[in-house]
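Novice: Please find one structure pasted underneath; my questions will follow.
The values are calculated or read from the model by the stated rules, or taken from the named source; none is laboratory data. Everything quoted here is computed from the prediction, not taken from an experiment. Please note: Cβ atoms are built from the backbone with ideal geometry, for glycine as well, and neighbour counts cover all protein chains shown.
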Amino acid sequence: MRSPKIFTIGGATFDIFVQAQDQSIFSVRTPNSFKKWLSFPHGSKVKVNKVMESFGGGATNTAVTFARHGLEVYFVGKVGQQYGDRVFDNLEKEGVDCRFAKQTSRDQTGFSTIINTFDGDRTLLAYPGANQYFTAKDLPVEELKKADWIFLNHLAGGGEDIHKVLLKILKANPKIKLAWNPGHEQIKQGAKKWRELLARTTILFVNKEEAASFSRVSYQLAGMKRDDPKAHEFSHRALLPPYADDVTEILRFFTDIGVKYTVITDGRNGSQATDGKSHYFCPVLSHRRVDTLGAGDAFASGFTVAMAKRLPLKTALTYGTLNAGNAVMHPGAQNGLLNAKQMKTALKKSEIKVKSTKL
C-alpha cells in the first residue's frame, strides 16, 4: 500500500536552549486575567547552567513526526544562509524531502532562544528571520495538486496570499485533505473571514484560548453553570472531568462552518474533539514535563498520522496525546517525537480512555 503523500507548509527555526539561574516567576491577577511573568535581576550577569542546540518551527516539527511514521513527507518553507544547511541536513537525516523548500540570502534562518524555567515551562525569544519572506510564490503549486494531505502551520506575517492559493488548489482538487493550525493573524481576524478555507478543512487544530478567540464563542468554565439553565439542552459534565472547561459550543460552531474534524487542546487538561456527530474527550495521564516547546506540533502531527492511516478518531486522539506526552519529557521540540514502532509500544502500554457523547 502506498504511503500517504503529505506536504507540511510553514516555519523552520534553529533553536538555542538555555537553563539560567537566578530566575523568578511571579503572577499578576486582575478581575479579568491571570498572567505569569519570568524575571531576572536587572543589570546583572545571569549564569547559565546548560546550553543546547536544536531545531524547531511548526513545519519542520510536524515533518519529523510524519517521516518517523513512514509517510512520504515534503517540507515547504524558507530558510536563510546561516543555519539553513543545518536545518536541511537534520530534515533529510529524518527522511524528509526538502526539494521544495527555499533558501534566501535576505535574512538568516528563523532563530529562537528558549529559556527553560524551573517549573517545566519555557519562554521564547523568537526572531522570524527567513520565515517572514515565505510567500505564495514559493509554493510548488503543481506538486501540491498531487498531495494526499497538506498540513498548514503558523505562518510568519500572516501569509494571506498563501492561504488564497491553497484554497484555489483545494477547490480544484477536493480529494486533497487539509490539516490546519492557524496562526495569530488568522485567529485575530476571526473564523468568518476564513469561512471558505475552513469549509475545506479536514482537521482544524487550535488550543482552547485560540478556539474561543477564532470563533468568537466563549467556553464554559469547569465547575461553573450558566445563569440560564436552558442555555444547554443537555449537560456534558458526564463526559468531562471537573477540571476541564466545556468547549461544546465552539465545537458546534466549527462543525456548522464546515470543518470535518475540530480538535481543541488544553495542555494538562486534555483535549476535546468532534467529528460533527460526537463530542470526544481525551485526558492527559502524565503531567511530567521537561520542556513544553513543540507540544502542540507533536499532538497535531501525531493525530494527523493516525487520520492519514485511516484510524478511528479515538485512536487519533490517543496518538496525539502520546506523541505530545513523550515530546515534553525531552528537551527540544523534536527529540521526543515517537516513531511508528515506539507509538505501537506506547499504545499497548497506554491507559488512556477516550470518552464520547452526542454533540
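Novice: If you go through the range 296-313, how many residues are closer than 18 Å to Glu72 by Cβ and touching a residue at least 12 places away in the same chain (Cβ under 8 Å)?
Specialist: 8
Novice: Can you find a residue in the range 44-59 that is at pLDDT 95 or above, within 28 Å of Val206 (Cα to Cα) and under 20 Å from the mean Cα position of the chain (by Cα)? Spell out how you get there, then give the answer.
Specialist: Of the residues in the range 44-59, the ones at pLDDT 95 or above are 59.
Subsequent filtering for residues that are within 28 Å of Val206 (Cα to Cα) retains 59.
Retained after the next criterion (residues that are under 20 Å from the mean Cα position of the chain (by Cα)): 59.
Looking through the range 44-59, at least one residue is at pLDDT 95 or above, within 28 Å of Val206 (Cα to Cα) and under 20 Å from the mean Cα position of the chain (by Cα).
Novice: How do the pairs read when you match residues in the range 344-359 that are within 16 Å of Asn323 (Cβ to Cβ) with residues anywhere that are surrounded by 15 or more Cβ atoms within 10 Å (Cβ to Cβ) and charged (D, E, K, R), using Cβ under 7 Å and keeping only pairs 6 or more apart or on different chains?
Specialist: That search, which allows pairs on different chains as well, returns Val354/Lys314.
Novice: Within the range 269-291, identify whether any single residue is in contact with a His (Cβ under 9 Å, 6 or more places away or on another chain), surrounded by 24 or more Cβ atoms within 10 Å (Cβ to Cβ) and modelled with pLDDT under 95, and answer yes or no. Explain how you work it out, then say what you get.
Specialist: First, pick out the residues of the range 269-291 that are in contact with a His (Cβ under 9 Å, 6 or more places away or on another chain): 272-273, 279, 281, 290-291.
Adding the requirement that they be surrounded by 24 or more Cβ atoms within 10 Å (Cβ to Cβ) leaves 272-273, 291.
Within this subset, residues satisfying the condition of being modelled with pLDDT under 95 are 291.
So far as the range 269-291 goes, yes, one or more of its residues are in contact with a His (Cβ under 9 Å, 6 or more places away or on another chain), surrounded by 24 or more Cβ atoms within 10 Å (Cβ to Cβ) and modelled with pLDDT under 95.
Novice: Could you tell me whether any residue of the range 131-148 is under 30 Å from Asp22 (Cβ atoms) and under 21 Å from the mean Cα position of the chain (by Cα)? Don't jump to the end; show me each part of the working.
Specialist: The initial filter retains those residues of the range 131-148 that are under 30 Å from Asp22 (Cβ atoms), namely none.
For the range 131-148, residues under 30 Å from Asp22 (Cβ atoms) and under 21 Å from the mean Cα position of the chain (by Cα): absent.
Novice: Here's something else I'd like to know. Which of the residues belonging to the range 88-108 are of a type in the set (Lys, Arg) and assigned to a loop (DSSP other than H, G, I, E, B)? Let's see the steps before the verdict.
Specialist: Pass one, the range 88-108, residues of a type in the set (Lys, Arg): 93, 99, 102, 106.
Across the range 88-108, the qualifying residues are Arg99, Arg106.
Novice: So which residues in the range 72-97 are surrounded by 21 or more Cβ atoms within 10 Å (Cβ to Cβ) and either among the hydroxyl-bearing types (Ser, Thr, Tyr) or in contact with a Phe, Trp or Tyr (Cβ under 8 Å, 6 or more places away or on another chain) (or both)? Outline the logic, then answer.
Specialist: Taking the range 72-97 and keeping what is surrounded by 21 or more Cβ atoms within 10 Å (Cβ to Cβ), we get 73-80, 83-84, 87, 91, 96.
Hits for the range 72-97 are Val73, Tyr74, Phe75, Val76, Gly77, Lys78, Val79, Tyr83, Val87, Leu91, Val96.
Novice: Working carefully through the options Phe118, Phe111, find the one that is touching a residue at least 60 places away in the same chain (Cβ under 8 Å), farther than 25 Å from Leu178 by Cα and not in a loop (DSSP other than H, G, I, E, B).
Specialist: Working: Phe118 fails: not in a loop (DSSP other than H, G, I, E, B).
None of the others qualify; the one that does is Phe111.
Novice: Are there any pairs, at least 6 apart or on different chains, whose C-beta atoms fall under 9 Å, with the first in the range 236-254 and within 22 Å of Ser215 (Cα to Cα) and the second among the basic types (Lys, Arg) and at pLDDT below 90, and if so, which?
Specialist: The qualifying pairs are Asp246/Arg237.
Novice: Mind listing whichever residues of the range 292-319 are of a type in the set (S, T, N, Q) and either buried (at least 21 other Cβ atoms within 10 Å of the Cβ) or within 19 Å of Gly183 (Cα to Cα) (or both)?
Specialist: Thr292, Ser301, Thr304, Thr318, listed by residue number.
Novice: Then there is this: Test of understanding: among Asn323, Asn339, which residue is touching a Leu at 6+ places or on another chain (Cβ under 6 Å), farther than 22 Å from Asp246 by Cα and among the polar types (S, T, N, Q)? I'd like the intermediate steps shown before the answer.
Specialist: Numbers: Asn339 fails: touching a Leu at 6+ places or on another chain (Cβ under 6 Å).
Checking each option against the conditions leaves just Asn323.
Novice: Let me ask something additional. Count, please, the residues in the range 261-273 that happen to be in contact (Cβ under 8 Å) with a residue 40 or more places away in the chain and within 16 Å of Ser215 (Cβ to Cβ).
Specialist: Counting residues in the range 261-273 that are in contact (Cβ under 8 Å) with a residue 40 or more places away in the chain and within 16 Å of Ser215 (Cβ to Cβ) gives 7.
Novice: Would it be correct to say that Gly10 is crowded, with 22+ Cβ neighbours inside 10 Å, under 23 Å from Ala327 (Cα atoms) and not aliphatic (A, V, I, L, M)?
Specialist: Numbers: crowded, with 22+ Cβ neighbours inside 10 Å: yes; under 23 Å from Ala327 (Cα atoms): yes; not aliphatic (A, V, I, L, M): yes.
Taking the combined requirement at face value, the residue satisfies it.
Novice: Here's a follow-up. Just the residues that are touching a Lys or Arg at 6+ places or on another chain (Cβ under 7 Å) and either farther than 19 Å from Glu53 by Cα or not hydroxyl-bearing (Ser, Thr, Tyr) (or both), please, taken from the range 288-317. Write out each step before concluding.
Specialist: Here is the first cut: in the range 288-317, the residues touching a Lys or Arg at 6+ places or on another chain (Cβ under 7 Å) are 291-293.
Those that are touching a Lys or Arg at 6+ places or on another chain (Cβ under 7 Å) and either farther than 19 Å from Glu53 by Cα or not hydroxyl-bearing (Ser, Thr, Tyr) (or both): Asp291, Leu293.
Novice: In the set Leu144, Leu125, which member is within 28 Å of Ser27 (Cα to Cα) and among the aliphatic types (A, V, I, L, M)?
Specialist: Numbers: Leu144 fails: within 28 Å of Ser27 (Cα to Cα).
From the options Leu144, Leu125, the qualifying one is Leu125.
Novice: Counting residues that are in contact with an Asp or Glu (Cβ under 7 Å, 6 or more places away or on another chain) and touching a residue at least 12 places away in the same chain (Cβ under 8 Å), which strands (runs of 3 or more DSSP E) fully inside the range 1-87 reach at least 1? Talk me through it step by step, then tell me what you get.
Specialist: Working: elements: 5-9, 13-20, 24-30, 33-39, 48-56, 72-76, 78-80.
Ranges flagged: 5-9, 13-20, 24-30, 48-56, 72-76, 78-80.
Yes or no, residue by residue, for (1) surrounded by 14 or more Cβ atoms within 10 Å (Cβ to Cβ); (2) within 27 Å of Val87 (Cα to Cα); (3) touching a helix residue (DSSP H, G or I) at 6+ places or on another chain (Cβ under 8 Å); (4) not acidic (Asp, Glu):
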{"position": "Thr117", "(1), (2), (3), (4)": "yes, yes, no, yes"}
{"position": "Pro128", "(1), (2), (3), (4)": "yes, yes, no, yes"}
{"position": "Asn131", "(1), (2), (3), (4)": "yes, yes, no, yes"}
{"position": "Glu142", "(1), (2), (3), (4)": "no, yes, no, no"}
{"position": "Lys175", "(1), (2), (3), (4)": "no, no, no, yes"}
{"position": "Val206", "(1), (2), (3), (4)": "yes, yes, yes, yes"}
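Novice: Follow-up. When the range 1-43 is examined, which residues are found to be within 30 Å of Leu139 (Cα to Cα) and more than 22 Å from the chain's Cα centre (by Cα)? Talk me through it step by step, then tell me what you get.
Specialist: Quick first cut of the range 1-43, residues within 30 Å of Leu139 (Cα to Cα) only: 1-16.
Selection gives Met1, Arg2, Ser3.
Novice: Let me ask something additional. Do the conditions hold for Lys5, that is, is it modelled with pLDDT under 95, farther than 18 Å from Leu337 by Cβ and touching a strand residue (DSSP E or B) at 6+ places or on another chain (Cβ under 8 Å)? Give the steps one after another, and end with the answer.
Specialist: Values: modelled with pLDDT under 95: no; farther than 18 Å from Leu337 by Cβ: yes; touching a strand residue (DSSP E or B) at 6+ places or on another chain (Cβ under 8 Å): yes.
Criteria not met by Lys5.
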